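The values are calculated or read from the model by the stated rules, or taken from the named source; none is laboratory data. Since we're looking at a predicted model, the values are computed, not measured. We place every Cβ from the backbone using ideal geometry, glycine too, and count neighbours over all the protein chains shown. For accessibility, only protein heavy atoms count, side chains too; no ligands or nucleic acids. Shrake-Rupley method; radii C 1.70, N 1.55, O 1.52, S 1.80 Å.
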Protein chains: 2
Amino acid sequence: MGSEIQEIKNTIVQRLPKRVQVAKVEFEGPEVVIYTKNPEIITENGDLIRDLAKDIRKRIIIRSDRSVLMEPEKSIAKIQEIVPEDAKITDISFDDVTCEVIIEARKPGLVIGKYGSTSREIVKQTGWAPKILRTPPITSEVIQRVRRTLRKNSKERKKFLQTLGNRIHREMPSENEWTRLTSLGGFREVGRSSLFLQTTNSKILLDCGVNVAGTDDKSSYPYLNVPEFVLDDLDAVVISHAHLDHSGFLPYLYHYGYEGPVYCTTPTRDLMTLLQLDHIDIAHREDKPLPFNIKHVKKSIKHTITLDYGEVTDIAPDIRLTLHNAGHILGSAITHMHIGDGQHNFVYTGDFKFERSRLLEPAVAKFPRIESMVMESTYGGHEDVQPTRNDAEKELIKTIYQTLQRGGKVLIPVFAVGRAQEIMIVLEEYIRHGIIEEVPVYIDGMIWEATAIHTARPEYLSKDLRDQIFHMGKNPFISDVFHKVNGGNNRQEIIEGEPSIILSTSGMLTGGNSVDYFKWLCEDEKNSIIFVGYQSEGSLGRRLQKGWKEIPLKEDGKTNVYNVKMQIKTVQGFSGHSDRRQLMDYIRRLSPKPEKIMICHGDNYKTLDLASSIYRQYKIETKTPMNLETIRIQ
Amino acid sequence: MGSEIQEIKNTIVQRLPKRVQVAKVEFEGPEVVIYTKNPEIITENGDLIRDLAKDIRKRIIIRSDRSVLMEPEKSIAKIQEIVPEDAKITDISFDDVTCEVIIEARKPGLVIGKYGSTSREIVKQTGWAPKILRTPPITSEVIQRVRRTLRKNSKERKKFLQTLGNRIHREMPSENEWTRLTSLGGFREVGRSSLFLQTTNSKILLDCGVNVAGTDDKSSYPYLNVPEFVLDDLDAVVISHAHLDHSGFLPYLYHYGYEGPVYCTTPTRDLMTLLQLDHIDIAHREDKPLPFNIKHVKKSIKHTITLDYGEVTDIAPDIRLTLHNAGHILGSAITHMHIGDGQHNFVYTGDFKFERSRLLEPAVAKFPRIESMVMESTYGGHEDVQPTRNDAEKELIKTIYQTLQRGGKVLIPVFAVGRAQEIMIVLEEYIRHGIIEEVPVYIDGMIWEATAIHTARPEYLSKDLRDQIFHMGKNPFISDVFHKVNGGNNRQEIIEGEPSIILSTSGMLTGGNSVDYFKWLCEDEKNSIIFVGYQSEGSLGRRLQKGWKEIPLKEDGKTNVYNVKMQIKTVQGFSGHSDRRQLMDYIRRLSPKPEKIMICHGDNYKTLDLASSIYRQYKIETKTPMNLETIRIQ
């Protein structure tokens, strides 16, 4: 047993009341697990654990010693007796490895009880430590899959966490002398984001994305083949958010033998699983196989450690990680790392939105300390000023209103994660208030599944939405106005039916059902197509924006030409990225100010423009590394 | 046999006259060796080999097949018959491994003969290929040692060169995608220079120095412990010049298992051997052992491949190296690397002097191509303007003249390599012309040995000196005015004797015999001490410059105070570094101009000052990396 865990055990035994029998204390990943025959004594005394955790600077989990566990059958009956029926338990299962009972319920708050009272009662009466999960109001196949994978591999996972725990708490051979960052992808470009942080003692990978617009392996994947990136020495991967340009290459690491952890929020884990599986699926269909497969997505799930915003976690002997809300998509995070014992504090913004949206709170701008920062610059050019959310919504609604008035249908091509849900919330509200008439809103493709994941994690939504959902019992996502599209026949009916609004992927009409809808709808001038996101050069979306009226499209080997008569509308202002003003405003509001800012995730010109503006306005040193450069931050 | 050597062999056989029997063709390091039974046919036809070498873009060596070699005894007689007595052969030995006869002579030119005629005659008559070495007019123990080491390990060396040859000519698994530079030491500081160049396919280390003023291992040695520096993957080390801050850590590489080549000029090899051995010796005496020993210096000699200025050499499958005169010290080089097939050209100036000195020609400023450059900035601050050479000499001579006039002695503390020889040339000339009276000039410490090495390589000296030595037969270094000091008694005689000039190490009075001379001479106001080099903060030299008149010095455990009455004089302008004007002028004269210049080898402030001045004046992008940063150059 390592000396650190021994020391921790001594502290714990000293602090706990004498009557508590501590059977075992061990590391499980970044956490300390106490096995005891009297879990009820500890759990009844919440302050005790809180103080203890503060003292040893670790998160603590209490588990029962196997000997005090009630039989599962009896435990189920007991739990159903303790938990109010209103909680709507949908499943109870037992994990022999961790001595946990996993309770899935529609209203998990009622399983926890006031200040955890119900949950504590379960421990007291059954011995099993409850792990309480939300049953989403819309069934999510991905979440079911993730939960099944974790449940089935509980033993393997425990072993992984124990090994990891010892690695995180290893002794450092020497003091840290330096910290540096190497840009492996996504610098002076957008796509394949990947940043490698090295201290003298530890190695962390921040994001591991793909450039889906890449033309070959060299332009699609981050530069993981550089000599300083040694997979065996990697302590951790941190994923800022689920979009493929930040998470898409993660399965590759597991294909090539990575056995370490991935840290991210729970929504990021679920959403990236969805997007990674879809990516593999599309690649397979297009006969452009990726250098990894479903197995490696599964391996990644088994190695993921989810963190809530604000949870301080040791991920290496000299690094403490904290994730903060980034306001970009559900679960998106700004990564804060505390390096060494007060030596350095580093922040990686990932993609962030510094404005309240319908879906999310604005990005966090206050940190205990920052010395250096890497920030995105997607809209970093001085001309990249977007309309306000309010104006954007008005513009969207006006176009929809007019289209429906003239008996037309509205097609909104959207990216499945983020933008789609933002638009859904807007539509639901305007329909509920009668500003646009109550027509069906069809949700096609992956959007439905992504929405289901949103309903499973209401804690990550904006305060307004949380209030609606928790206090007023109104979840806009499950409103009757939304209709899931089921396959081809259903689509035919939609096209031939009454006026409606259709949300479909892909967002740039580069494939997927949105292209089919476009074909069906484009030749009728009553209809509209509304673009709410960026259309990249060469995409069908961009061509329509440019005013092309004759669109040749390949179908079953021959080319058909479509005469576009529908209204083409672009509404700006729904971006999940901060616009130029918000980027500059973020630096203004940032507290404290870093000494050095490195700019990433932007075209060459926007990167340089933002860097020089920040330097001029705030006199903070800025750097604009290219991919494969290394910057010393300490 | 690799496909490349096979192809080369085919070309060679096709091109050579039918009657030449080619026994074997193989790589030996970067060169191609042809073994033949008729060496005389090839060597007689100089153009043939020159054209062939151009064609296969490799240097070619012709060696005889063992079967045609004459017996050594008979060969010696034959050689003495062929070579004119005037050549003054001092040694003839035979290398069975390479089938070479090594002829050492006072006048190697006469062994070579007009257009190589004498040398060819030796091949023709004995079969042995002559390798002709200069016997220096002053015996150099270091050169003897180096030659002995190479002779004794001829077999091992041949094996090393063959392995290396195959490695250099290996097939590249993929095209180069990038080239980058990582600063491992000597950036924003002076000392421990080391620069790591990586292409997708190759890894080269440029310089490997120590900071002799470092207080611990961390501040003394370059950062070789970074993950991207993998010793096994290193293709080559290039040493720019012999000073320890560029070559001092080289033996460490061999201690830690490096088995690859070191490229440098012949004087650099010899001078750095001298300085490395001295460094080990001093460390041993001061009981501060270094992390390597004499064995590793020897291993480094065995792995050194010497190159002449202008010789283009393959050192990796995608890198061609050319060394050019840097004007800093004997054999100092500016490193030019041609990367890929026309992809990129990189220049590392090392330390350079862009002004003709007594000893050397000014640094080369014309290259076939340069895209990026790393340059030194020792005197990069805008205030770092030095007097001209001419003014410096006048100042020096005036002080010496006055001292001798009043019957005093002159002590000039100097660094053994470079500055000492420069001063010697000046003194010899002014004494020869009768401007200062003919007093003995005592050469103490390592200076004598360093001077001996200078006399062995007159080809590397300035045109003026070469003319004097080769055409007028006057070698200033062997002038009668110079007297080698032999041990303690001799010094006592010098002190008690007539007026004289004493050159002694160390140059900053931080140890060595110069301190003893100071003690003996300082209390007599007739004497002078003249500083001709930089005195670092804290050194005794600097204290004297500041005007200290009472100097406490520890001797045999007790402290004695010396009352300084001698004249203290500092003469600037003898530096081996370009001053600020010369640095700026170098960029102005540089042809062609690079797109990017990185600044190294200077204090933080001087680095930044030079970088911004170059950018302002020439609009060339400049970078000022810190140690451990990586810059992408292509």
Backbone N within the range A:236-259 under 16 Å of label point (7 Å from A:Lys295 Cα along the Cβ vector)
A:251-259
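Using alpha carbons only, what's the Rg to Rh ratio of the range A:356-458 with Rh from Kirkwood?
Working: Rg = 17.2 Å, Rh = 16.4 Å.
That ratio is 1.05, to two decimals.
At a Förster distance of 41 Å, what's the computed FRET efficiency of A:Ser591 paired with B:Leu231, Cβ-Cβ distance as r, to 0.05?
Numbers: r = 46 Å, r/R0 = 1.11.
Efficiency computed from Cβ-Cβ geometry: 0.35.
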Euclidean distance between Cα centres, the range A:496-535 to the range B:167-182, Å
49
Span from the the range A:448-470 Cα centroid across to the the range B:416-457 one, whole angstrom:
85
Find me the longest stretch of chain A that has none of the exposed chymotrypsin sites (Phe, Trp or Tyr not before Pro), where exposed means in a DSSP loop (not H, G, I, E or B) with at most 14 other Cβ atoms within 10 Å.
A:257-547
What fraction, in whole percent, of alpha-carbon pairs in the range B:71-135 exceed 19 Å separation?
17
Rounded to the nearest 0.05, what FRET efficiency do A:Gln405 and A:Ile495 give with R0 = 22 Å and r taken as the Cβ-Cβ distance? Could you check?
0.70
On a 0 to 90° scale, report how tilted helix A:604-618 is relative to the longest principal axis of chain A, with both axes built from alpha carbons and the result rounded to the nearest 10.
60
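What is the dipole size for the protein assembly as shown, taken about its Cα centre, with +1 at each Lys and Arg Cβ and -1 at each Asp and Glu Cβ, in debye to the nearest 20?
Details: 172 positive and 172 negative charges, 38 e Å.
So the dipole magnitude of the protein assembly as shown works out to roughly 180 debye.
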Estimate the FRET efficiency between A:Ser93 and A:Asp287 by the formula 1/(1 + (r/R0)^6), using the beta-carbon distance for r and 51 Å for R0, to the nearest 0.05.
0.80
Once the label point is placed 7 Å from Cα along Cβ, list for B:Asp232 the distances to the corresponding points in the other copies, in nm, shortest first.
0.9
Enter the per residue convex hull volume of the range A:433-511, computed from alpha-carbon coordinates, in Å³ rounded to the nearest integer.
127
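Would you mind classifying the range A:3-67 by shape? Square roots of the alpha carbon gyration tensor eigenvalues, ordered a ≥ b ≥ c; an a/c under 1.5 is rounded, otherwise it is prolate if a/b is larger than b/c and oblate if not. Present the calculation step by step, with values, prior to reporting the outcome.
Numbers: a/c = 1.44, a/b = 1.20, b/c = 1.20.
Here the range A:3-67 falls in the rounded category.
When DSSP assigns beta bridges and you keep just the ones with both residues in the protein assembly as shown, what percent turn out antiparallel, to the nearest 5? Walk me through the numbers before you get to the answer.
On the way: 93 of 187 bridges.
Antiparallel bridges make up about 50 percent of those DSSP assigns within the protein assembly as shown.
Figure the gain on full extension for A:Thr163 and A:Thr559 (residue separation times 0.36 nm, minus the Cα-Cα span) and round it to one decimal in nm. Mind showing how you got there, number by number?
Details: separation 396, 0.36 × 396 = 142.56 nm, distance 5.75 nm.
Full-extension gain reported as 136.8 nm.
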Per residue of the range B:515-527, what does 6.51 cos²θ - 1.76 cosθ + 1.60 with θ = phi - 60° give for ³J(HN,Hα)? Whole Hz please, x for Gly and Pro, Karplus curve as stated.
5, 4, 4, 4, 4, 5, 9, 5, 8, 10, 5, 5, 7
With every protein chain kept in place and a 1.4 Å probe, the range A:71-135 has an accessible area per residue in Å² of 51
I'd like the per residue volume of the convex hull spanned by the Cα atoms of the range A:477-594, given in cubic angstrom.
170
Principal-axis tilt of helix A:117-126 within chain A, Cα atoms, nearest 10 degrees:
50
So, with points 7 Å from each Cα along the Cβ direction, the A:Tyr615-A:Arg151 label distance in nm works out to 5.6
If I take all pairs of Cα atoms in chain B, what percentage of them are more than 40 Å from each other?
32
Run the accessible area of the range B:397-488 with a 1.4 Å probe and give the carbon-and-sulfur part as a rounded percent.
49
How many nanometers, to one decimal and shortest first, lie between the label point of A:Lys124 and those of its other copies, if labels sit 7 Å from Cα toward Cβ?
11.3
Checked against the positive end of the charge dipole of the protein assembly as shown (+1 on Cβ of Lys and Arg, -1 on Cβ of Asp and Glu, about the Cα centre), the farthest of A:Ser240, B:Gln402, B:Ala53 is B:Ala53
Which percent of Cα pairs goes in each bin when the distances of the protein assembly as shown are cut into 10 angstrom slices starting at zero?
1, 8, 14, 16, 15, 13, 11, 9, 6, 4, 2, 0
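Length gain on complete extension for the stretch B:Gln6 to B:Arg432, per 0.36 nm per residue less the alpha carbon to alpha carbon distance? Before the final figure, lay out the partial values.
Details: separation 426, 0.36 × 426 = 153.36 nm, distance 5.99 nm.
My answer for the length gained is 147.4 nm.
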So the label point sits 7 Å from Cα along the Cα-to-Cβ vector; using that for A:Pro289, what distances do you get to the other copies, in nanometres, sorted shortest first?
5.7
Which angle between 0 and 90 degrees, to the nearest 10, do you get for helix A:389-405 versus the longest principal axis of chain A when only C-alpha atoms count?
50
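Take the alpha carbon gyration tensor of the range A:209-311, find the square roots of its eigenvalues, order them as a ≥ b ≥ c, and report rounded if a/c is under 1.5; if not, report prolate when a/b exceeds b/c, else oblate. Provide the component values of the computation, followed by the final result.
Details: a/c = 1.68, a/b = 1.23, b/c = 1.37.
In terms of gyration-tensor shape, oblate.
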About its Cα centre, the range A:3-67 carries a charge dipole, from +1 on Lys and Arg Cβ atoms and -1 on Asp and Glu Cβ atoms, whose size in debye to the nearest 20 is 120
For the range B:257-273, Karplus couplings with θ = phi - 60° (6.51, -1.76, 1.60), whole Hz, Gly/Pro x
x, 5, 10, x, x, 10, 10, 6, 6, 4, x, 5, 4, 5, 5, 6, 4
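Where nothing but the Cβ of Lys and Arg (+1) and of Asp and Glu (-1) is charged, how large is the charge dipole of chain B around its Cα centre, in debye to the nearest 20? Before the final figure, lay out each step's value.
Numbers: 86 positive and 86 negative charges, 161 e Å.
With Lys and Arg at +1 and Asp and Glu at -1, about 780 debye.
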For the range B:125-277, what is one quarter of the convex hull surface built on the Cα atoms, given in nm²?
12.3
Kirkwood-based Rg over Rh for the range A:263-418 (C-alpha set), two decimals?
1.06
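Per-residue mean of other chain beta-carbon atoms within 10 angstrom of the beta-carbon, peptide B:620-630?
On the way: counts 0, 0, 0, 1, 0, 4, 4, 3, 8, 9, 13.
Whole-number average of other-chain Cβ neighbours for B:620-630 is 4.
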Please turn the phi angles of the range B:463-474 into ³J(HN,Hα) values with the Karplus equation 6.51 cos²θ - 1.76 cosθ + 1.60 (θ = phi - 60°), one per residue in order, whole Hz, x for glycine and proline.
4, 4, 5, 4, 4, 4, 6, 7, 8, 9, x, 10
Taking 26 Å as the cut-off for C-alpha to C-alpha distance, list the pairs among A:Lys298/A:Lys554; B:Lys9/B:Lys155; A:Lys606/B:Lys623; A:Lys394/A:Lys565; B:Lys124/B:Lys463; B:Lys155/B:Lys288 that go past it.
A:Lys298/A:Lys554; B:Lys124/B:Lys463; B:Lys155/B:Lys288
Please work out whether the range B:389-570 counts as rounded, prolate or oblate from its C-alpha gyration tensor, where a ≥ b ≥ c are the square roots of the eigenvalues and a/c under 1.5 means rounded, while otherwise a/b larger than b/c means prolate and anything else oblate?
prolate
